[in-house]
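Asker: Below: one structure in structure tokens.
The values are calculated or read from the model by the stated rules, or taken from the named source; none is laboratory data. Nothing here was measured: the structure is a model prediction, and the numbers come from that model. Side chains included, ligands, DNA and RNA excluded: accessible areas come from the protein's heavy atoms. Shrake-Rupley method; radii C 1.70, N 1.55, O 1.52, S 1.80 Å.
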Amino acid sequence: ELLFMRRRQALGQWGERVAAWWLAGHGYTIVGRNYRCRGGEVDIIARQAGQLAFFEVKTRRTVEFGYPEEAFGRLKQHRFQKAVDHYLASRAPNASVWQIGLVAITKTAAGGALVRLIWY
């Protein structure tokens, strides 16, 4: 089980690196990663055209058991929103316009990545 946990953690870290690279390539400046508070966590915080965007990253090796976004259920969305609210209150109290997105990543057989951005 420990090996499984390490493999899953490594896949998640790989997915977050891919997501940050992909977002940077699409005009986002990464301003924070893995923001944690008592309520939850935000994987990536970025800025584009002066607007903040908060991203959850979900990565899968295959879609055989479901798409990455299917793992972002109501409870995880609630915890994510709590972390976003905490960040805004403590670090960006004047931010009036911001977005929440999910970066869904599926690893390809060749070792690459299929990346999709889903806005909430």
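Asker: How large is the Kirkwood hydrodynamic radius of the chain, in angstrom, based on all distinct alpha carbon pairs? Each step should come with its number before you reach the end.
Answerer: Values: mean 1/r = 0.0674 Å⁻¹.
When all Cα pairs of the chain are included, the Kirkwood radius is 14.8 Å.
Asker: With everything on Cα atoms, drop me the angle between helix 2-25 and the longest principal axis of the chain, reported from 0 to 90° to the nearest 10.
Answerer: Compared with the principal axis, the helix lies near 50 degrees.
Asker: Using only the alpha-carbon atoms, how far is helix 74-91 inclined from the longest principal axis of the chain? Give it as 0 to 90 degrees, nearest 10.
Answerer: The helix 74-91 is inclined about 40 degrees to the chain.
Asker: At a 1.4 Å probe, what is the % contribution of carbon and sulfur to the accessible area of the chain?
Answerer: Working: 3870 of 7540 Å².
For the chain, the apolar C and S fraction of the accessible surface comes to 51 percent.
Asker: Could you tell me the accessible area of residue 43 in Å² (1.4 Å probe, neighbours in place), rounded to the nearest ten?
Answerer: 10 Å²
Asker: Right, here's the next one. Could you calculate, for the stretch 30-72, the ratio of the Cα radius of gyration to the Kirkwood radius, expressed as Rg to Rh?
Answerer: Numbers: Rg = 12.9 Å, Rh = 11.9 Å.
Dividing the radius of gyration by the Kirkwood radius yields 1.08.
Asker: Full extension from residue 30 to residue 14: what is 0.36 nm times the residue separation minus their Cα-Cα distance, to one decimal in nm?
Answerer: Numbers: separation 16, 0.36 × 16 = 5.76 nm, distance 1.61 nm.
Extra length from residue 30 to residue 14 when fully extended: 4.1 nm.
Asker: Given 0.36 nm per residue, what is the gain on full extension from residue 4 to residue 76 after removing their alpha carbon distance, in nm?
Answerer: On the way: separation 72, 0.36 × 72 = 25.92 nm, distance 2.16 nm.
Answer, rounded to one decimal: 23.8 nm.
Asker: Further, regarding this structure: Please arrange 106, 62 by accessible surface area, largest first, computed with a 1.4 Å probe and ligands excluded. Can you show the working numbers first?
Answerer: Values: 106 20, 62 65 Å².
Sorted descending by solvent-accessible area, the residues read 62, 106.
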